[in-house]
Every structure is written in C-alpha cells, then in structure tokens.
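K.L.:
Following this message is one structure expressed as structure tokens.
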Amino acid sequence: MYWLKQGDTGGSIVSAEAVWDHVTMADRELAFKAGDVIKVLDASNKDWWWGQIDDEEGWFPASFVRLWVNQEENTAVETVEGASPSPSEVQNGHADASPSSSDCLCQPAQDRDQMRANIINEIMSTERHYIKHLKDICEGYFRQCKKRRDMFNDDQLRVIFGNIEDIYRFQMGFVRDLEKQYNTEEPHLSEIGPCFLEHQDGFWIYSEYCNNHVDACMELSRLMKDGRYQQFFEACRLVQQMIDIAIDGFLLTPVQKICKYPLQLAELLKYTVQEHSDYRYVAAALAVMRNVTQQINERKRRLENIEKIAQWQASVLDWEGDDILDRSSELVYTGEMSWIYQPYGRSQTRVFFLFDHQMVLCKKDLIRRDILYYKGRINMDRYNVVDAVDGRDDDFNVSVKNAFKLSNKDSDEIHIFLAKKLEEKLRWLRGFHEERKMVQEDEKIGFEISEYQKRQAAMTVRRMTKQKGHRSVPPGYPPPMDPMNPGQYLVGDSMEQSEFEFPEPERCKSPFWQSFSRLTPFRK
C-alpha cells in the first residue's frame with residue numbers, strides 16, 4: 001500500500017484509487033466505492049486526507065485508498081513499513097486494489113506470505129495509532145472539559161463524548177492481546193483471528209457510541225458558534241500536542257474504526273491460505289465483525305427515522321399517555337383487523353400499529369376515513385402470541401377464522417384478532433416474531449433512544465406543525481406492509497410452517513404514509 005509523504009502535495013492534484021467502500025457517518029466525510037478515483041487535495045495528516053470526487057469534497061481515511069503509481073506530476077511516494085510491493089500489485093499504472101482469491105492462490109507462496117505480512121503489519125500499526133487517538137481524546141479533551149464546569153454540564157459531556165472512556169479501556173485490552181499474537185520475526189505467521197473472537201462481545205460498546213455520534217456533532221456545532229469554545233478546544237489540542245484536526249474529526253475516529261475491521265479482515269483472509277492455522281479464525285472473525293457493523297448501521301437507520309415516528313404520533317387525534325418514543329423506535333408492521341377483548345366480547349374493527357415493545361390501536365373517523373383516533377395500546381413485553389385454530393374458540397365462545405391471540409403472562413386477560421385472509425394472519429405472526437427478536441437484540445447491545453434525541457424529534461415536529469398553522473392530520477392509513485421475504489410467509493419456529501404466493505397489494509399513494517411505511521424493515 002502506498003502513502004504520500006506528509007506535506008508532499010504542495011497544492012498539486014494527486015490521484016488515488018479507493019480500495020474499499022467508505023460509508024460516511026458525518027457531513028464532512030467523502031463517500032466513495034471501491035474503484036472510485038479520488039483527487040487528494042491535502043495529505044498533511046497521514047491518517048485523514050482531504051479529497052474530491054466530482055464536486056464533492058471531504059475527509060476520508062488514508063488507509064482506504066492506494067495512490068496511483070504513475071502521476072502526471074512527480075509526486076513522491078513511499079511504502080508503508082518500508083515493504084516493497086510485489087510485481088503483481090502494480091498493473092496499468094496503479095496498485096491492484098482488490099485481488100481475488102484465485103489471484104492469491106496463483107501467486108508464489110513467498111509473495112502471498114509477504115502480502116499477508118504487510119496486512120498484519122498494517123493492522124498492528126493502525127491499532128497503535130488508534131490507541132494514541134483515543135488517549136488524546138480522553139486526556140486532551142474529555143478530562144479538560146470536565147474541569148471547566150462553567151462551560152460544560154454533565155449532559156453536554158455525555159452527549160459530546162458518549163462512552164469514549166469505555167471504548168479506550170476496551171481497546172487497550174484488545175491491543176494488548178493482539179500484540180501477544182503478533183509474530184515480530186515472521187508476521188505472516190501471526191494468528192490474530194482468535195483475538196477478535198475472544199473480544200467479540202466487547203465490540204458491541206461501539207453501538208452506543210455510534211448511535212450517539214450524530215448528537216455529538218450537533219452539540220459541537222452549536223457550541224462552536226461561540227468563539228470561547230473554539231479557542232478552548234484549540235488550546236486543548238495544542239497542549240496535548242495532537243495533530244491538526246478539529247475535535248469533531250477525532251470524535252469520528254471510533255465510528256470509522258469499527259467500520260474498518262471487516263475490511264481489514266476481508267483483505268487478510270484473501271492472503272491467508274486454507275492450510276494456515278489462522279484461516280478459520282480469521283473467517284469467523286470476519287463474520288462476527290460484519291454482524292457488528294451491520295447491526296450498528298441498522299441502529300443508525302432507526303435513529304434517523306424517529307422524527308417520522310414523532311410526526312405520526314402528532315397526526316393521531318386524542319392521543320393519551322406516554323409518547324411512542326418513550327419506549328419504541330421502530331414500526332414493525334401495521335394493518336386493519338377485527339378485535340375481541342375479554343371481558344367485553346364485542347367485535348371491533350381497529351387499525352393496529354406494531355412497534356417494538358408496544359402495539360397501538362386506532363379507530364378511523366366515520367366520515368373522514370383518513371383520520372385516526374387513538375384508542376389504546378398493548379404492552380407487548382407482557383403478552384405471549386398464541387396461534388388460534390379455525391373453528392369454535394373456547395375462550396370467547398365464537399367461531400373464528402384466520403385468528404391469533406395475545407395472552408397476558410400475569411393474568412387471564414386475552415385479546416383475539418381476526419385477519420381477513422390467512423396470508424395476513426401469517427404476516428402478523430411473522431411481525432410479532434420480528435418484534436421480539438428486535439427487542440432481544442436491543443437489550444443485548446444496550447440500544448436506546450437518548451432523551452436528547454427524543455427532544456430533538458419533538459422540537460422538529462412542533463416546528464413543522466407551527467409552520468403549517470394547524471395540527472397535522474394523516475391523509476390516510478396504509479395497506480398492510482409485508483414483514484417477510486417476497487412470496488414466502490413463514491410462521492414462528494413453534495408453529496406449523498406454510499408457504500404462499502400472492503400478488504403485491506396495492507399501496508396507498510399518500511406521501512405521508514409512503515414515507516412512514518418505509519419505517520417497516522420487513523416489508524416487500
């Protein structure tokens with residue numbers, strides 16, 4: 001892999017090719033895909049470069065790209081760790097970004113070992129630099145901010161820095177174990193895969209940090225409007241002798257780091273032969289880290305949708321009780337069904353909205369069918385879902401078809417729901433299964449919406465409502481959204497499995513409901 005020497009750009013344009021996709025999580029980052037060509041405008045910092053693609057400019061990790069060897073200008077390049085590239089690395093004027101497995105197998109063993117050694121050395125080098133960044137954040141910024149109670153309160157510090165100290169402590173333990181697995185004499189023989197597997201549960205702490213990162217950027221942006229904070233953060237950087245990057249660039253580092261692990265492990269696996277003692281561990285570590293980053297990205301998507309959920313609640317008339325965001329962050333499924341609730345026993349038609357932890361019941365207006373009224377909610381944490389057989393139901397003494405029940409775990413309370421079609425019933429059962437799975441995963445990684453995020457969502461809805469001059473009203477409720485794979489409807493593990501194929505239901509054309517429907521991740 002190639003690097004510019006610091007300060008060597010000198011204002012000239014240098015081209016680099018993306019080795020990996022770069023998924024951005026902040027406004028000042030430059031997004032690109034593997035194979036894209038980036039104009040490197042500033043490489044004065046060896047870790048983060050400033051570049052341009054078309055008309056877009058932003059920061060990107062230098063380790064995500066390789067410089068073209070043949071530049072139009074005479075740009076000095078040097079290799080990382082002093083390692084020389086193999087002849088197969090340089091093709092058509094630039095370094096080969098992503099060799100295939102077959103390319104790896106066709107290479108001489110010596111070249112494969114050298115490439116694996118280079119990747120291992122790069123992983124170790126970036127880990128050491130990352131620890132330095134974390135130390136600078138904790139000691140250079142966080143500790144200094146805690147001393148200035150006249151400038152920062154506890155809530156602000158929690159928003160800006162999140163759980164950065166927990167990440168620092170975890171990462172130091174991880175690197176210590178990684179160093180033990182590092183073979184300094186023959187790096188290609190290093191077995192680092194087991195280290196990732198031993199620490200896999202610890203990486204989930206990054207979820208909390210990444211979920212909080214958007215709030216941190218917003219709070220910093222607000223504070224930076226005051227010159228005092230600009231001067232204070234710059235003074236912290238100078239005292240700690242940190243590189244010339246603003247504090248928001250440092251706080252972005254953990255977000256980028258957790259996203260980079262799957263990329264590094266995938267590259268390492270390419271140059272690890274199956275006979276290598278580390279092969280199966282690296283493959284398993286790659287699967288683990290991909291799952292971690294996938295879940296973090298999913299949580300980020302959910303946080304981006306909470307304003308839509310707050311907007312939906314504002315559109316429902318006669319709302320009572322807690323806000324939906326106090327407990328929930330995802331719309332799982334929605335549709336209209338008949339409903340019977342003991343001890344009343346009278347059938348009613350309601351529109352049901354299944355969120356994580358709760359299901360909200362609404363009634364359509366008799367004249368304006370596009371208006372919904374709040375009619376209650378069911379705490380899903382307290383109920384079990386029970387399939388109901390077609391025929392006479394003993395609990396309600398009525399004939400049922402396409403029905404299922406919600407049974408209270410602590411009392412005799414039972415709700416029975418009747419769908420219009422069997423396919424719709426199976427969709428609901430799958431939706432309940434996904435809701436419980438989501439809740440369990442959230443508990444595992446400690447995912448929750450912060451009070452700050454709830455306030456921001458509420459403020460946005462109030463601002464929108466004020467601009468409209470009246471309370472928002474939904475233009476119509478959506479048809480049921482499919483929570484399963486196209487054409488296949490699978491009942492939960494404890495139930496009989498069935499498969500069906502049927503056409504896609506026609507969807508409502510309402511812009512509001514179209515956008516709200518996108519909150520359901522399991523639709524067709």
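The values are calculated or read from the model by the stated rules, or taken from the named source; none is laboratory data. Keep in mind that what you see is a predicted model, and the values were worked out from it rather than measured. For neighbour counting, all protein chains shown are included, and Cβ atoms are generated from backbone atoms with ideal geometry for every residue, glycine included. Just the protein is used for accessible areas: all its heavy atoms, side chains included, with ligands, DNA and RNA removed. Shrake-Rupley method; radii C 1.70, N 1.55, O 1.52, S 1.80 Å.
K.L.:
Suppose we keep only residues that are in a loop (DSSP other than H, G, I, E, B) and open to solvent by less than 30 Å² (accessible area, probe 1.4 Å) within the stretch 256-276. Which one would you say is farthest from Leu197 (Cα to Cα)? Lay out the reasoning, then the answer.
P.N.:
At the first step, the residues of the stretch 256-276 found to be in a loop (DSSP other than H, G, I, E, B) are 271-276.
Going one step further and asking which of them are open to solvent by less than 30 Å² (accessible area, probe 1.4 Å), we end up with 271-272.
On the way: Tyr271: 19, Thr272: 17 Å.
My answer is Tyr271.
Yes or no, residue by residue, for (1) modelled with pLDDT of 90 or more; (2) in contact with a strand residue (DSSP E or B) (Cβ under 9 Å, 6 or more places away or on another chain); (3) farther than 30 Å from Ile449 by Cβ; (4) among the charged types (D, E, K, R):
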site	(1), (2), (3), (4)
Cys106	no, no, yes, no
Tyr141	yes, no, no, no
Asp154	yes, no, no, yes
Arg169	yes, no, no, yes
Arg176	yes, no, yes, yes
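K.L.:
Now a separate question. Of everything in the stretch 184-223 that's of a type outside the set (Asp, Glu), touching a residue at least 12 places away in the same chain (Cβ under 8 Å) and outside any helix (DSSP H, G or I), which residue is most open to solvent (accessible area, probe 1.4 Å)?
P.N.:
Out of the qualifying residues, it is His199.
K.L.:
Name the residue, out of Arg327, Arg369, Arg346, that is open to solvent by 20 Å² or more (accessible area, probe 1.4 Å) and in contact with a His (Cβ under 8 Å, 6 or more places away or on another chain).
P.N.:
Working: Arg369 fails: in contact with a His (Cβ under 8 Å, 6 or more places away or on another chain); Arg346 fails: in contact with a His (Cβ under 8 Å, 6 or more places away or on another chain).
None of the others qualify; the one that does is Arg327.
K.L.:
Now for a separate question. Does at least one position in the stretch 388-397 carry a residue that is of a type outside the set (Val, Ile, Thr), open to solvent by 60 Å² or more (accessible area, probe 1.4 Å) and in a strand (DSSP E or B)?
P.N.:
yes
K.L.:
Pull up the stretch 303-318, narrow it to residues that are farther than 21 Å from Tyr206 by Cβ and polar (S, T, N, Q), then point me to the one that is least open to solvent (accessible area, probe 1.4 Å). Don't jump to the end; show me each part of the working.
P.N.:
Let us first name the residues in the stretch 303-318 that are farther than 21 Å from Tyr206 by Cβ, namely 307-318.
Next cut, polar (S, T, N, Q) only: 311, 313, 315.
Numbers: Gln311: 40, Gln313: 25, Ser315: 3 Å².
Among residues in the stretch 303-318 that are farther than 21 Å from Tyr206 by Cβ and polar (S, T, N, Q), the one least open to solvent (accessible area, probe 1.4 Å) is Ser315.
K.L.:
Return yes or no: is Trp59 open to solvent by 40 Å² or more (accessible area, probe 1.4 Å) and at pLDDT 85 or above? Step through it out loud before you land on a result.
P.N.:
Values: open to solvent by 40 Å² or more (accessible area, probe 1.4 Å): yes; at pLDDT 85 or above: yes.
Yes: the conditions hold for Trp59.
K.L.:
Are any of the residues in the stretch 291-302 in contact (Cβ under 8 Å) with a residue 40 or more places away in the chain, under 14 Å from the mean Cα position of the chain (by Cα), under 30 Å from Tyr229 (Cβ atoms) and open to solvent by 40 Å² or more (accessible area, probe 1.4 Å)?
P.N.:
Yes - at least one qualifying residue is present in the stretch 291-302.
K.L.:
While we're here: For the stretch 160-178, what are the residues that are open to solvent by less than 20 Å² (accessible area, probe 1.4 Å) and part of a helix (DSSP H, G or I)? Steps first, answer last, please.
P.N.:
Initial filter on the stretch 160-178 (open to solvent by less than 20 Å² (accessible area, probe 1.4 Å)): 160-161, 163-164, 167, 171, 173-175, 178.
Listed by number, the residues that qualify are Ile160, Phe161, Ile164, Ile167, Gln171, Gly173, Phe174, Val175, Leu178.
K.L.:
Show the residue pairs that are 6+ apart or on different chains and have beta-carbon atoms under 9 Å apart, the first residue being within the stretch 401-414 and in contact (Cβ under 8 Å) with a residue 24 or more places away in the chain and more than 19 Å from Leu426 (Cα to Cα), the second being assigned to a loop (DSSP other than H, G, I, E, B) and open to solvent by less than 60 Å² (accessible area, probe 1.4 Å).
P.N.:
Asp412/Gln342; Glu413/Gln342; Ile414/Gln342; Ile414/Phe396
K.L.:
Kindly indicate whether Ala34 is at pLDDT 65 or above, farther than 26 Å from Cys217 by Cα and surrounded by 15 or more Cβ atoms within 10 Å (Cβ to Cβ). Spell out how you get there, then give the answer.
P.N.:
On the way: at pLDDT 65 or above: yes; farther than 26 Å from Cys217 by Cα: yes; surrounded by 15 or more Cβ atoms within 10 Å (Cβ to Cβ): yes.
Here the answer is yes, as Ala34 does meet what is asked.
K.L.:
What tally of residues in the stretch 277-290 results from selecting those that are open to solvent by 20 Å² or more (accessible area, probe 1.4 Å) and part of a loop (DSSP other than H, G, I, E, B)?
P.N.:
Filtering the stretch 277-290 for residues open to solvent by 20 Å² or more (accessible area, probe 1.4 Å) gives 277, 279-281, 283-284, 287-288, 290.
Filter once more, keeping what is part of a loop (DSSP other than H, G, I, E, B): 277.
So the answer is 1.
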